[in-house]
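So the structure is just underneath, and the comments pick up after that.
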Amino acid sequence: MSDKAILEYNGEKYEFPVIKGTEDELAIDIKSLRSATKGMITIDPGFKNTGSCESAITFLDGEKGILRYRGYSIEELAEKADFLEVAYALIFGNLPNKEELAKFHKDIKDESHVDEEMKKILDGFPKSAHPMGVLSSLTSALIAFNPSTVDVSSDEDMYHAIVRILAKFPVLVAWTLRKKKGLPLDYGDDSLGYVENIHKMMFKRPNQDYKKNKVVIEALDKLLILHADHEQNCSTSTVRIVGSSHAGLFASLSAGISALWGPLHGGANQAVLEMLEAIEADGGDTKKYMAKAKDKSDPFRLMGFGHRVYKNFDPRAKIIKVAADEVLADLGIDDPILDIAKGLEKEALEDQYFVDRKLYPNVDFYSGIIYRALGIPTEMFTVMFALGRLPGWIAQWREMRLKGEPIGRPRQVYTGENLRSFVELDKR
Ligand code: SDX
């Protein structure tokens, strides 16, 4: 197999190296394209055919429905690991041993306080504020109280910035939820596990002791693992490009939260639940919504279906669908929305429009059903996605900074007016 690609244009031939990844993916390295061709660039809206980086963190095979974090399969991690050790593996490269995990968790606990002044910023939001806007703002506001996390030139500085945000972000998530519910803000309990503590901060009632529910904690842990990273998706690419200007980690994460908010991306999990509730309110008429999804004149899309990379089942959707059945059964919940979702999936997988376009359920299709069963409000679903994706964003930002990647600055093809002279106002 050749390690060169030839581009021929206007009687000229240009040679470019071909690089191969560890899973035999091939890419044409066009770093020299513009200089070799005296100004030509490529163009690829949505970057559907364009790689932004070489990365050792997550591998996806969209055709085969494969997802691995640092070489470990998502199926094994979801079954055997916990979220904190998956976060460690994503960020530092390997699953931690007992000592590494214990130190990592202790370092996080030591940083789990959030400056009381931050509550004044939270107070400034109306209860009606969308939690993703609150979370993005609070994440950015954290910078003011943690200025040492901005210029992370040393490994030690970078490590401290990482454990700080892993410690404080769950507090912000819990505060965002409790603000919405009108509950007093709560703090963590160092005697609890990482995910158990998140659940306690989110749900402990002010007048009751915290009651651990093993089923709920395990379901939450699994959901966070399944959302932890997904290579160069929209929000991760946002974190990378903002970080490439050497903006600090927290600023890069705040930008990533905003990108994730969109309904075509992480916001889809909220949109899926709202769609399923609309179908339920409409008497369960899934055929009407299938027709809307296929009608080009109708902006409606079947939320939770389709994916830029997966042209087969999203492996996370398969795991979440099984978990939804288990969690609802364990909690004794009979949610008709789950049956509507399964009916919709069955119809779509047999419909030529969806088959032709290789549209399968993605991670967002079933996740909301579990979040709802765990008592998480619909508007908080994308916040839960962000909580899961935090270690992935950190890992990708760290890899980009450690490799000294250049600032992200794409080119363009100009299609506007050619040179023209200014016209005085009274002559226009
Ligand atoms: C996430 O990238 C990641 O890794 C993201 C993510 C992660 O972990 O970070 O996996 C998380 O964002 C999952 C995706 C959540 N979004 C949704 O569920 C929203 C609904 N899905 C779509 O909007 C869409 O499928 C996207 C945005 C996910 C992917 O869009 P693409 O790759 O740009 O594909 P496209 O829009 O060009 O669609 C190709 C065709 C089009 O029809 P034609 O023009 O060829 O006739 O498929 C159609 C689309 O109209 N299509 C859909 C559809 N998704 C695509 N038609 C109806 N319903 C849908 N959901």
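The values are calculated or read from the model by the stated rules, or taken from the named source; none is laboratory data. In this text the structure is predicted, and so the values were computed from the model without any measurement. Backbone-built Cβ (ideal geometry, glycine too); neighbour counts: all protein chains shown. Note: areas computed on protein heavy atoms with side chains; ligands, DNA, RNA excluded. Shrake-Rupley method; radii C 1.70, N 1.55, O 1.52, S 1.80 Å.
Miscellaneous remarks
- Alpha-carbon centroid distance for the pair the stretch 79-158 / the stretch 221-270, whole angstrom: 14 Å
- Förster-model FRET efficiency, 51 Å R0, residue 98 and residue 420, C-beta, rounded to 0.05: 0.15
- Accessible surface computed residue by residue for the chain, with neighbouring protein chains in place and a 1.4 Å probe, gives 50 Å² per residue.
- Additional length obtainable on full extension of the chain from residue 358 to residue 73, 0.36 nm per residue less Cα span: 100.3 nm
- Prolate/oblate/rounded label for the stretch 87-134 (Cα gyration tensor, a/c 1.5): oblate
- As a fraction of the 1.4 Å probe accessible area of the chain, surface on carbon and sulfur atoms comes out at 52 percent.
- For the stretch 223-373, the equivalent ellipsoid built from the Cα gyration tensor has semi-axes of 28, 19, 14 Å, listed from largest to smallest.
- Using only the C-alpha atoms, the convex hull of the chain corresponds to 218 Å³ per residue.
- For the pair the stretch 354-422 / the stretch 283-300, the C-alpha centres are spaced 25 Å from each other.
- Unsatisfied cross-links (Cα-Cα over 18 Å) in the set 180/200; 222/318; 287/342; 80/204; 287/346; 80/222: 80/204
- For peptides 94-102, 261-269, 412-420, sequence by mean Cβ density within 10 Å, most packed first: 261-269, 94-102, 412-420
- The protection proxy used here, the mean number of other Cβ atoms lying within 10 Å of each residue, ranks peptides 64-71, 358-365 as follows, highest first: 358-365, 64-71.
- Ordering of 277-283, 8-14 by burial proxy (mean other Cβ atoms within 10 Å per residue, highest first): 277-283, 8-14
- For the chain, size of Cβ-based charge dipole, Lys and Arg +1, Asp and Glu -1, in debye: 920 debye
- Estimated at 0.36 nm per residue, the fully extended path between residue 378 and residue 14 surpasses their Cα-Cα distance by 125.7 nm.
- Compactness index (Cα Rg / 2.2 N^0.38 Å), the stretch 4-51: 1.24
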